[in-house]
1. Restricting to the range A:70-91, name every residue that is outside any strand (DSSP E or B) and touching a strand residue (DSSP E or B) at 6+ places or on another chain (Cβ under 9 Å).
2. Is it fair to say residue A:41 is within 30 Å of residue B:57 (Cβ to Cβ), within 12 Å of chain B (Cβ to nearest Cβ) and either part of a loop (DSSP other than H, G, I, E, B) or out of contact with any strand residue (DSSP E or B) (no Cβ under 8 Å at 6 or more places or on another chain) (or both)?
3. Can you say whether residue B:3 is more than 9 Å from chain A (Cβ to nearest Cβ), closer than 19 Å to residue A:38 by Cα, touching a strand residue (DSSP E or B) at 6+ places or on another chain (Cβ under 8 Å) and part of a loop (DSSP other than H, G, I, E, B), as far as the supplied structure shows?
4. Looking only at the range B:78-96, filter to residues that are farther than 18 Å from residue B:3 by Cβ and in contact with a strand residue (DSSP E or B) (Cβ under 7 Å, 6 or more places away or on another chain); which one of those is surrounded by the fewest Cβ atoms within 10 Å (Cβ to Cβ)?
5. Does residue A:53 satisfy being surrounded by fewer than 18 Cβ atoms within 10 Å (Cβ to Cβ) and assigned to a loop (DSSP other than H, G, I, E, B)?
6. May I ask you to say which residue of A:76, A:97 is within 14 Å of chain B (Cβ to nearest Cβ) and either under 21 Å from residue B:104 (Cα atoms) or touching a residue at least 40 places away in the same chain (Cβ under 8 Å) (or both)?
7. Do you know which residues across the range B:12-44 are outside any strand (DSSP E or B), within 11 Å of chain A (Cβ to nearest Cβ) and either modelled with pLDDT of 95 or more or closer than 14 Å to residue B:72 by Cβ (or both)?
8. Checking the condition under 22 Å from residue B:59 (Cα atoms) and either at pLDDT below 95 or within 11 Å of the chain's Cα centre (by Cα) (or both), which residue from A:5, A:56 passes?
C-alpha cells in the first residue's frame with residue numbers, strides 16, 4: 001500500500017464548478033500536510049498548507065482529519081487556470097511523501 | 001533569490017553512458033532532495049541530505065545511482081551506466097526546517113536514455 005493515496009482522476013469540470021479532492025495517508029506519525037500543484041511539464045509548487053482546524057485561501061479550502069488520516073482540498077468557482085495536477089503531500093519529519101496526484105481539467 | 005537551479009534542463013544520451021545531473025539549492029536551505037518522476041510511478045524520493053550529509057538513500061533504485069553534496073550550494077546525481085528505464089524527469093528540491101519544511105523545487109532535468 002502506498003503511504004499517500006489519491007484518486008488519480010481525471011476530473012473534468014466546467015468553469016464555475018466546485019470540485020473536491022481527497023487523500024489518505026498511512027503513517028499516523030505524519031506531522032504536517034500540504035497540497036502542491038503541478039502544471040504540465042513544470043515542477044510542483046506549494047499551493048497551501050493544511051492545518052488541523054481547516055484553512056481557506058480564496059477559492060481553496062483544505063481540511064485535515066487526523067483520526068481518519070484523511071486530507072481534502074475543495075476548489076470553488078473553478079477557473080480554466082486551475083487545470084493542473086494536485087499533489088497531496090505528507091511531511092514525516094525530515095522528508096515529505098507525495099501522492100501520485102489528481103489531474104483536474106476545467107473546461108469552458 | 002533565484003530559486004533552485006538545475007542543469008542541464010534536458011539530456012539525451014545513449015544506454016551505457018554516464019549521466020550527471022546538477023543542483024544548486026536555495027541559499028540558506030539545509031535540506032536537499034532528489035526526486036524522479038515518471039507517468040507510471042509518480043514522484044519518487046531518491047535521496048535527501050541535511051547539512052550536506054546523506055540521511056536517507058533508500059529510494060535510490062540501484063548501485064548505478066549515486067549522489068553527492070560536497071558543499072551547501074551544490075549537489076550532483078550520477079547515473080552510471082544509464083539505461084532506457086532511467087528516462088524520467090529528475091527534480092531537485094530544497095527546504096529549511098525553520099520555515100516549516102516546505103520544499104521548493106527546481107525546474108527539473110528531462111532525461112532520455114536511448
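1. A:76, A:78, A:79, A:80, A:81, A:82, A:83
2. yes
3. yes
4. B:84
5. Answer is yes for this residue.
6. Step by step, each of A:76, A:97 is checked, and only A:97 is within 14 Å of chain B (Cβ to nearest Cβ) and either under 21 Å from residue B:104 (Cα atoms) or touching a residue at least 40 places away in the same chain (Cβ under 8 Å) (or both).
7. Residue satisfying the conditions is B:30 alone.
8. Sole residue among the options that is under 22 Å from residue B:59 (Cα atoms) and either at pLDDT below 95 or within 11 Å of the chain's Cα centre (by Cα) (or both): A:5.
The values are calculated or read from the model by the stated rules, or taken from the named source; none is laboratory data. Please read these numbers as outputs of a predicted model, since none were measured by experiment. Methodologically, a virtual Cβ is constructed for each residue, glycine included, from the backbone with ideal geometry; neighbour enumeration extends over all protein chains shown.
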